[in-house]
1. Expressed as a rounded percentage, what relative contact order does segment B:115-241 have, with Cα pairs under 8 Å and six or more residues apart?
2. Would you please state which residues of segment B:180-209 a label at B:Asp243 would reach in this model, taking the label point 7 Å out along Cα→Cβ and a backbone N cut-off of under 20 Å?
3. In straight Cα distance, which lysines are under 26 Å from B:Lys100, not counting same-chain residues fewer than 8 positions off?
4. Which of B:Ser139, A:Ser333 has the fewest other C-beta atoms within 10 Å, and how do the rest follow up to the most?
5. Along the positive direction of the dipole of the protein assembly as shown (beta-carbon charges: Lys, Arg +1; Asp, Glu -1; about the Cα centre), which of B:Val82, A:Phe534, B:Pro33 reaches farthest?
6. Describe numerically, in nm with one decimal, the distance between label points set 7 Å from Cα along Cα→Cβ at A:Glu111 and at A:Ser67.
7. Name the residues whose placed amide hydrogens come within less than 5 Å of the amide hydrogen of B:Glu182, ignoring near sequence neighbours (fewer than 5 apart) on the same chain.
8. So what's the back-of-envelope 222 nm ellipticity for chain A, counting only DSSP H runs of four-plus at -39500 (n - 2.57) apiece and dividing by all residues, rounded to 500?
Amino acid sequence: MAIDMSNAIGVEVPASEQVPGAPGELPPDRRRGFQLPALFGPGLLRAGVFAVLGYLLGHWFGNLLASGYQQVTNSGDNNTSIILGYLGGTIGWVAGIGVLAYPLFKMTGKEELLAPQRRAGTSRYFKYTLDHKVVGIQYMVGMIVYFLTAGLLALAVRTELLSPTSHVFGPGVYIEIVGEHGTMMMMMMTSVVVGPFGNYLVPLMIGAKRMAFPRLEALSFWLTPAAYVILLSSLWLGGFPTGWTGYATLSIQAGQGMDAYVVAFGVMAVSIILAGFNIIVTVINLRAPGLTWGRLPVFVWGVMTTSFLMVLATPVLFGGLYMLAMDRTVQTSFFTDTLGGSSYLWENLFWFFGHPEVYILALPGFAIVLEMLPVFCRKPIFAQKVAIAGMVGVSSLSFFVWQHHLFDSGINPDMRPLFMLTTELISIPTGFIFLVGMGTLWKARIRLTVPMMFCMGFFFNFLLGGISGVFLSDVPADTTAHGSFFVMAHFHYTIMGGLLFAFFGGLYYWLPKMTGRTMNQRLGKWNFITMFVFFNSTFLPLFAVGELGQPRRVFEYAKRLQTLNDWVSISAFLLGFAILLFVINLVWSMIIKPVATVENPWHSRGLEWQTTSPPPPGNFERIPIVLASPYEYGNPEALPVSDLLSPGRAPVAANGANTPTGQATTAGPDTERTS
Amino acid sequence: MAPDTGRTEERSGRADGVRILVIWLILSAICMPLVWFVWGPHLPPGGLSDQAAGQRFDNKVLGTVATPVVLLVCTFIIYALVNWRQDGDDIEDGPYITNKVRWSGWWVGITTVTVLCLAVFGTYELENNNGAGSGSGPSPLFAASGPYLPVQVIAQQWRFTFRYPTYGGMETTSLMIPAGQEIQFNVTSLDVIHSFWAYQLGVKADANPGVNNVAFVKAYHPGKFNVMCAELCGLWHGAMTADGQVMTKADFVAWANRTEAQEAPVTKLLPKYSTVYAPDETGAGGTYYGPQYPVNP
């Protein structure tokens, strides 16, 4: 296979700009001409100021345009000014952080005026930095913050549901919290793996120096805080009453908080599309020589199939959001039945995006788990092609199942058998993942490290999540389960029990690579055990709660269900403490008492471990030549994975142990005794 | 390949395989009858109506089919974690097995057949009345075999009302239906999307503005049931409930005639019975579109 290396070695990158990951090769500071005062230099401060100014400008313009509209004078709500305000704020934010400087200078032929951004130290993590490793860390911190925010909102929901009749919140506040929790989780967590691990690890795993489009990569991250703030700001505007699904016509009837949902989801949609696009181009073009598709790590395959879903499905959401924004501002009637529109249109557009979206939230979990399994089983991945076929199959089929969300809606009732069939067909490629997992475990030499525990937890949780999905695909059984807590338990099993367990496992596994510091393994084990127990104790009873007749998103429920709901709420609080253990471990091991990791602590053959932790600015001393699959454990004749010498030491042995003296094996975090 | 250990690996592999298979078969032989005979009859949503019983049957079948699948994966993982562990500092590699085509073939074959059987089963159940409780649009394939009683369910923020076209179009706030007769629910909404969920009857149909969504039910015997909204519809979604009751046929006719007479002065003021109602500027949309807004452009 011909591999174009020109991008990988940075040939096309002008010398005057920041070459991502290679500041050592940069020319000296050639900044001349005007010098901006520090306050106006690109950075968080300028971004904040510009965002506020952009919001005010947009808001003013919206008032100018629309304050005379009939519905504005009637209702007193000027949605145009809010939406334009948010858009102006977003543009101000990205301009302030420095996204627009390069395009503007390039367009006006003044690019040599741009100072090379020679950055090191902590401040680069707060700036528009083009190094994929910095963006990966930014994404990771961002995603953890978003996850914790939405998780706290979930605890608020469970607090309210402690009692069927006495209330902590009013119904309005409750609906706002439910909507914020759901939207924050579904929309921000879309990038929970592709953002941190995709951006950080894909270039390392494919032997590249950087991502294909570093500016888009950095932009895709810097849009996420904007989306986060806009979504949260909805609470000041009265929130939105629709949950994450945003069903019309409720979304058209809703107050100004809904505008925040529209813009936040739209901004995040752009970020998702850019991130996915970047990953696809990177994997196709920047693979190191010798890295054939057959040798490509399963993680990269998984992230790439996810990226295809992101690029192909998200524009449909964006289109739907645009129509919703038009309906809310300039009185189009895409979703108004009496005026030629249809509320079914939103349901179709939303779920055409929404179902691939839930696989965007499942596939990276498969990818992480299948990547880690061979390392801790000390065996090659079983039937790698079946694993890839499974991920490609799931992602392709996911475009043909969306109407199973609408079985009771009265839309296309005669098509229900077809959607029932396609939905159940998805079990086949999903089953491939279980086959590969079980085949890899077969006769393995399992090392039950913390990441491996999370893998095992993933399989158990995803099994229950997947099986419960079969009940939902069967129309008669779905008649009871639809719209109830059963559905809610189902997708928490697949997304939280699946994706997030894999994400946490991935953090324990790759944080040493990303930071050079190792997580405390004993605390990690307790983190896993408590998380696994309380996760199941929270969500397993919810299947019963749903089947016994509790609809989703209610703040009052039947008194007979109080015991179950209280059990769930208390378990949820304990689950919160389990996740707090992770936060404590993270802060302790990364910041307060960092313990330096040994090179290749897990004895992985993966290419990402054939360089220092964290990797140097260019990732590798040179572009490696890939010689073999990363999963050749147990094959004494296998070639090393690449021609690189492992960092400062002997060539990498076939089993991934790069120190013949065994000093790494005695000090690796996975071998730390917990007794 | 590691040729020297290959044969012993294979032999011990067969022993492990047989052990896992036996454990799995025993567990399945114990659990499947438990699910079918012990748990099955108590599965939701109960047996008040033909449709609820049909859904319970589907839950029973799916639960029984799912049991061995869950047991297989769990047995395998636990067996692997117990028997194939290594601890300590010396890391030993496992056997070099990259694929076993026969395994993959069997796995793909069995899962495909199971899934296709489930899809055929689901389709049969759907078309054979058991899916009639779910909203099937304005002209459903399923039609009641005998004479049926039409009942309209009108959802609006945040309550359900029920109209009986055969009793002068009277409107009530509780849902009364006769036992032993086919009921045709015509579900519609005046504002946003709701979902009419009569839990014990096994009926769920979205209430869409401007759409008549039809569902059928036939209740076996008198009893009470709960009506809830199952689609988020705004502020008081959680409180959007109504009472329902299945009565004997004679009781129902007596109740209906009495109520029709009682409510006649009110019924006179209601809009004429129709399968859908177009909201106007005085509806739940409030003044959003304004009084001059053309309802039919």
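Read-outs throughout are calculated quantities, based only on the coordinates presented, and are distinct from any laboratory measurement. No experiment lies behind these values; they were computed from the predicted model shown. Reconstructed Cβ throughout: ideal geometry from the backbone, glycine too, with neighbour counts over all protein chains shown.
1. On the way: 285 pairs, mean separation 33.5, N = 127.
RCO, segment B:115-241: 26 percent.
2. B:197-202
3. Answer for B:Lys100, where 26 Å is the Cα cut-off: A:Lys379, A:Lys385, A:Lys443, listed by chain and number.
4. In increasing order of surrounding Cβ atoms, one gets B:Ser139, A:Ser333.
5. Looking along the dipole axis, the top candidate is B:Val82.
6. Computed distance between label sites A:Glu111 and A:Ser67 equals 4.4 nm.
7. Residues meeting the criterion, in which the H sits 1.01 Å from N, are B:Leu149.
8. For chain A, the value works out to -18500 deg cm²/dmol.
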